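Each remark here refers to the structure printed beneath this line.
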Amino acid sequence: MFKTIGILIIFTAILLFQLPKLKQNGEKKEIWTFSILLFISTTLCIAIALKVKVPNPYDLIIVIFKPMGEFIKMALK
């Protein structure tokens with residue numbers, strides 16, 4: 001509970017510090033990108049703090065490239 005509140009306070013501080021600069025420069029695409037990435041990172045940090053099993057991105061890379069590697073090995077034999 002306290003970890004979640006701490007994470008939300010930190011990310012709110014980041015938002016309050018960065019968002020006015022982006023608005024001042026009129027950078028709408030950067031605001032959207034910043035907001036989406038901040039939301040994703042906040043969600044992942046809260047999930048990790050609550051000890052939820054977060055999938056490893058390396059597993060997805062293995063699933064995608066392992067069949068391609070095996071195909072290349074077979075083709076080169």
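The values are calculated or read from the model by the stated rules, or taken from the named source; none is laboratory data. Keep in mind the model is a prediction, meaning the values are calculated, not measured. Please note: Cβ atoms are built from the backbone with ideal geometry, for glycine as well, and neighbour counts cover all protein chains shown. When the accessible area is computed, the model is the full protein with side chains, heavy atoms only, and any ligands, DNA or RNA have been set aside. Shrake-Rupley method; radii C 1.70, N 1.55, O 1.52, S 1.80 Å.
Please give every one of the lysines within straight-line cross-link reach of Lys66, meaning a C-alpha to C-alpha distance under 25 Å, and leave out same-chain neighbours fewer than 8 residues apart. Filter leaves Lys53, Lys77.
Compactness of the chain was expressed as the Cα radius of gyration divided by 2.2 N^0.38 Å, which yields 1.71.
Note on Phe65 and Glu30: their simple-model spin labels are 3.2 nm apart, each label 7 Å out from Cα toward Cβ. Across the chain, the mean sequence separation of Cα contacts (distance under 8 Å, 6 or more residues apart), normalised by length, yields a relative contact order of 32 percent.
The solvent-accessible area of Met74, taken with every protein chain present and a 1.4 Å probe, is close to 140 Å². So what's the angle, to the nearest 10 degrees on a 0 to 90 scale, between helix 28-49 and the longest Cα principal axis of the chain? Taking Cα atoms only, the helix is inclined about 80 degrees. Using the 1.4 Å probe convention, the accessible area of the chain works out to 90 Å² per residue with neighbouring protein chains retained. Here region 29-77 exposes an accessible surface that is 77 percent carbon and sulfur, computed with a 1.4 Å probe and the other protein chains kept in place.
Between the Cα long axis of helix 2-25 and the first principal axis of the chain there is an angle of about 80°, rounded to the nearest 10.
Using +1 on the beta carbon of Lys and Arg, -1 on that of Asp and Glu, and nothing else charged, what's the dipole of the chain about the Cα centre, debye to 20?
On the way: 10 positive and 4 negative charges, 18 e Å.
Its charge dipole is roughly 80 debye.
The helix-based estimate of mean residue ellipticity at 222 nm for the chain, built from -39,500 (n - 2.57) per DSSP H run of four or more residues and divided by its residue count, is -30000 deg cm²/dmol to the nearest 500.
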